[in-house]
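A quick write-up on the structure given underneath.
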Amino acid sequence: MKRYARTSTAVLLAALVALAVAACGGSSSKSSKSSSSGSSKASSAGGKQGGTIKIVSGTPPLSADQGLDFTTQGNELYSTVNLSLLTFTRGVAGTAGAKIIPGLAKSLPKVTDGGKTYTFTLRPGLHYSNGVPIKASDVPRALERDLKIPWQAASFISAYIQGGMAYANGNAKTISGVVANDKTGTIAVHLVAPFAPIVDVFALPGTAPVPPGTPAKNLAATGTVGDGQYKWGPITPGHSYTLIKNPKFDVPGLPRGHVDQFTYSVNTNVLANAEAVLNNQADVFDPGDTLPAAVLDKVKQQSDRYQAVPLNTSWYFWFATYKKPFNNLYAREAVLAAMDDRALSRLDSGFQTPDCHLIPFGIVGHSSPSSCPFHNPNGPANLTLAKQLMQKSGMTGQPVVVYGEERAPRRQYLDYFTGVLNSLGFKATEKVVNSGVYFTTIGAPTLKPDVGFGDWNQDFPNPWDFMQLFAGDAGSTLNYGYVNDPHYNATLNKLDQQPPDKVASQWAALDQYAVNHAYYAVFGHESKPQFYSSRVDFAASPLSVEYFLDLVSMRLK
Amino acid sequence: MALDPAIGPDAGSGVVIGSDQGSGGAWEGGRHAPAVGPWRLAMRRMRRNRVALAFLGLFILIVVVCVLAPVYSHDIAQIGPNQNNITGQVKVGGQEKDVVAVDGTPIGPTFTSHYFLGADTNGRDLAVRLLYGGRTSLLIGGVATVIIIVLGTLFGLLSGYLRGVADGILRPLMELIWSFPPVILGVVVGTALALGGLGPIKGNSVFIPAFIIGVIYSPYLGKPIRGEILRLREQDFVDAARAQGMGPMRIMFTEVLPNAASTIIVFIPLMLAQALLLEAYLSFLGAGVQAPNASWGTLIADGLNYIETTPTFCLIPGIMLVLTVLSVNVFGDGLRDALDPRAQVRIKT
């Protein structure tokens, strides 16, 4: 004990500060090792060819296997490995980058039978990255594999293609609605009913062909052998992924890629990721992550390598509309009136554009935020109306569990939204779920949560892609609140038979109908950060509305 | 009877009393001074240890400040610990400033009554959350310590005194819990219970981490207590009690346990410090206190995002945690010296 008495105050204070700093932990690796390396040579196009680009991301894909994964992070990667019959334009910023063009198919499909049959014809002489020729029959094999694993978006196949559901349920040996002819290279897809977005579905990597012998199980550690501009290198699931240029890729009219290799490293400390790119220790900050406010000022100063890019996303809260308290329309409306979209934008470092509609600005059928019924998205919350509606609802004091994700800014949204509910008189508590399993958790049929957070990035440029989230009969597993409105369902099923631009106003009307019924509390559409190291050719590497990171177009200076 | 130094194991303390008399003027006017009990003697030693008392004072101060969190929140800061104020403004130096800027940057320390230490991303007053977080941390630490003392003492007492089957069951159980690293075990159990809760206790209750910490650390007390009980059960006073016809339960709780009291008391501050630290670890890792409630661990985690721009966000809860743990540890050392007869030598020098 006496030793303490003799210890000098200075030593004690020094230890105190050291311990306090240690308690705070370190923020980032300070390795000065360069991340870009490899061969390089000038291309005829003027940009540099070759080299390695290091991507840092806060969230891993669920799997490297396109037959399972349907996440934004996964799509960024395997969209370069698994080319489908159709594909999206590369190297173009804005909505023009979402144009569908032929991929493995010679041309866009021939539509017959009143919109119920789509016929594709393969280009001749195509090969996988391992040299095996691509056959028409590889396409139905891939679709069957998708249903067996199953693909996160398997409902696109099971709900809309003839025989899809029977195959998914184990009642058929093949998907009867997909007929392939290896001799002619044709693939005929017969639909249950006309469904215009099927064109978009056949542009997704999940429908890309797989070679014979590909096991119908999740190949998380290897990915599948593909036919795209890149092939998989070493993978450590959940931690790092490598893409290596496929020298055998040769599809006329499609870019071949510029960079020799991409490494995709996962670090949940998004701040450390941003700093690594800022200090040129990594090359690309994954646009699926939010730039932390702590570094935003510093990043914004790098105007030659940073910009916020509006992409097609919607962020919202959903309600369990079939049970108390949110089966009460007034209760839902009260919540919409009490939300301050400007506050929610600030939580996202200012990257949200406030709005109440589900269809984002870049998609056909978007409505003006001025038509939001319960409060002006660019103004304060309408608390007077909210309290009146809450009183009408009679739901004061009802317990509510709010579900949200762990990663920023989603947990902050959860705190905010729970605060809003409590200020209205609900007894709201939070349930924070790990981001890696959040959507699986809230989608579990056994859980049936009360209310929670959701966000959606476009799969393809069709309003159906957003509006199907709340469809009660479209086979969607994403309808976490079990919204089931006959008018909504019927309208959705009618509109999805038409090309979107022909029925744009009807899509807008459906979105407005759902907003008026407060089926969802959309609070904005997020812009994404295009933030690279000074090594990357910023102008030649735009973000894609479809892929986010357009790796095929990306190149070093 | 139990504390009678003449027949109990604290007979050793009798030696201490004797030697203490030597130093404290045992002979007063040629007459024997009245006998001094071991507890009074311990108090006397404690009073002489000014450093330990100073740190006890610091700990009491921290507790009082944290207990008064609602007063600060209501009367000074005028905002609740979980109250969001993202689009609000605050007057600093005569100017209205956004609590959270449009780009999401929260205001730093204002050193005024409102947002004294600044705001977090949700516009919540960090000073208010620091005090409420302290309340939560101390509550969890306190409850966990009670659980540790109760469970650890029961484990040690039953296992050490009864031996046989009880020892055969309890000792491996303690070894099993002991063999897991506390943080890893805490994260695993904490994450599971945060989702499902524990019986009637909801997953977001502060009693969940308290319970976890209490169970994890109970062998850290149980094992040494068992050793002490094994020693005590062979003492003459236990044999005397048996000879008087006392049953094992009565002997355990009225004869053996009181004689192990000083050992248990010495462990209380030590376990409290460990409980506070583990709570901070678990909350830092998201397996302890659940949002939106704050603890020092969650505040450190939240502040980490601003370590470069506003390091005070994580430094201040870190310092509070360190001060609390340090004060408990230093006081604990003083308590041990006071209760440990061998400490006499050190106090004298």
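The values are calculated or read from the model by the stated rules, or taken from the named source; none is laboratory data. What you see is a predicted model; the values in this text were computed from it and never measured. Every residue, glycine as well, gets a Cβ built from its backbone with ideal geometry; the counts of neighbours run over all protein chains shown. Each accessible area value is taken on the protein alone, full model and side chains, heavy atoms only, with ligands, DNA and RNA left out. Shrake-Rupley method; radii C 1.70, N 1.55, O 1.52, S 1.80 Å.
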I'd like the full set of residues that are charged (D, E, K, R) and touching a helix residue (DSSP H, G or I) at 6+ places or on another chain (Cβ under 7 Å), limited to the range A:425-480.
A:Glu430, A:Asp459, A:Asp473
State whether the residues of the range A:336-354 include one that is open to solvent by 20 Å² or more (accessible area, probe 1.4 Å), in contact with a His (Cβ under 9 Å, 6 or more places away or on another chain) and more than 30 Å from B:Phe284 (Cβ to Cβ).
yes
Yes/no for B:Gly118 being touching a residue at least 40 places away in the same chain (Cβ under 8 Å) and farther than 30 Å from A:Gly379 by Cβ
no
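This table checks each residue for (1) crowded, with 22+ Cβ neighbours inside 10 Å; (2) among the aliphatic types (A, V, I, L, M); (3) touching a residue at least 60 places away in the same chain (Cβ under 8 Å); (4) closer than 30 Å to A:Arg407 by Cβ.
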{"position": "B:Ala261", "(1), (2), (3), (4)": "no, yes, no, no"}
{"position": "B:Ile265", "(1), (2), (3), (4)": "no, yes, yes, no"}
{"position": "B:Met271", "(1), (2), (3), (4)": "yes, yes, yes, no"}
{"position": "B:Phe284", "(1), (2), (3), (4)": "yes, no, no, yes"}
{"position": "B:Pro292", "(1), (2), (3), (4)": "yes, no, yes, yes"}
{"position": "B:Trp296", "(1), (2), (3), (4)": "yes, no, yes, yes"}
{"position": "B:Phe313", "(1), (2), (3), (4)": "yes, no, yes, yes"}
Does B:Gly186 meet the test of being open to solvent by less than 30 Å² (accessible area, probe 1.4 Å) and either in contact with a Leu (Cβ under 7 Å, 6 or more places away or on another chain) or in a helix (DSSP H, G or I) (or both)?
yes
Determine the pairs where a residue that is farther than 7 Å from B:Gly156 by Cβ, located within the range B:213-227, has a partner that is open to solvent by 40 Å² or more (accessible area, probe 1.4 Å) and outside any helix (DSSP H, G or I) with Cβ atoms under 9 Å apart, the partner being 6 or more residues away or on another chain.
B:Ile216/B:Phe180
Grab the strands (runs of 3 or more DSSP E) fully contained in the range A:395-491, keeping just those with 2 or more residues being open to solvent by 20 Å² or more (accessible area, probe 1.4 Å), without any contact (Cβ under 8 Å) to a residue 40 or more places away in the chain and within 10 Å of another protein chain (Cβ to nearest Cβ).
A:427-433
Out of all the residues in the range A:407-428, which are more than 18 Å from A:Arg346 (Cα to Cα) and within 28 Å of the chain's Cα centre (by Cα)?
A:Leu421
Out of all the residues in the range B:50-72, which are out of contact with any Lys or Arg (no Cβ under 9 Å at 6 or more places or on another chain), within 13 Å of chain A (Cβ to nearest Cβ) and open to solvent by less than 40 Å² (accessible area, probe 1.4 Å)?
B:Ala52, B:Phe55
Here are A:Leu126, A:Leu108: which of them is in contact (Cβ under 8 Å) with a residue 40 or more places away in the chain, open to solvent by 60 Å² or more (accessible area, probe 1.4 Å), under 23 Å from A:Tyr547 (Cβ atoms) and not aromatic (Phe, Trp, Tyr)?
A:Leu108
Check the range B:196-215 and report whether any residue there is outside any loop (DSSP other than H, G, I, E, B), closer than 30 Å to A:Thr429 by Cα, of a type in the set (S, T, N, Q) and within 14 Å of another protein chain (Cβ to nearest Cβ).
no
It is to be established whether one or more residues within the range A:162-178 are open to solvent by 20 Å² or more (accessible area, probe 1.4 Å) and among the β-branched types (Val, Ile, Thr).
yes
Going through the range B:315-340 in order, the residues found to be at the interface with another protein chain (Cβ under 7 Å from one of its Cβ atoms) and either more than 18 Å from B:Ile62 (Cα to Cα) or part of a loop (DSSP other than H, G, I, E, B) (or both) are B:Asp333, B:Gly334, B:Asp337
Filter the range A:492-524 down to residues that are in contact with a helix residue (DSSP H, G or I) (Cβ under 9 Å, 6 or more places away or on another chain) and among the small types (Gly, Ala, Ser) and give me whichever is surrounded by the most Cβ atoms within 10 Å (Cβ to Cβ).
A:Ala521
Here the qualifying pairs (Cβ atoms under 7 Å; residues six or more apart or on different chains; first in the range B:186-199 and farther than 17 Å from A:Val402 by Cα; second of a type outside the set (Ser, Thr, Tyr) and open to solvent by 60 Å² or more (accessible area, probe 1.4 Å)) come out as B:Val187/B:Leu285; B:Leu198/B:Phe211
Scope the range B:285-301; condition under 18 Å from A:Val433 (Cβ atoms) and either aromatic (Phe, Trp, Tyr) or facing chain A (nearest Cβ under 10 Å) (or both); matching residues:
B:Gly286, B:Gln290, B:Ala291, B:Pro292, B:Asn293, B:Ala301
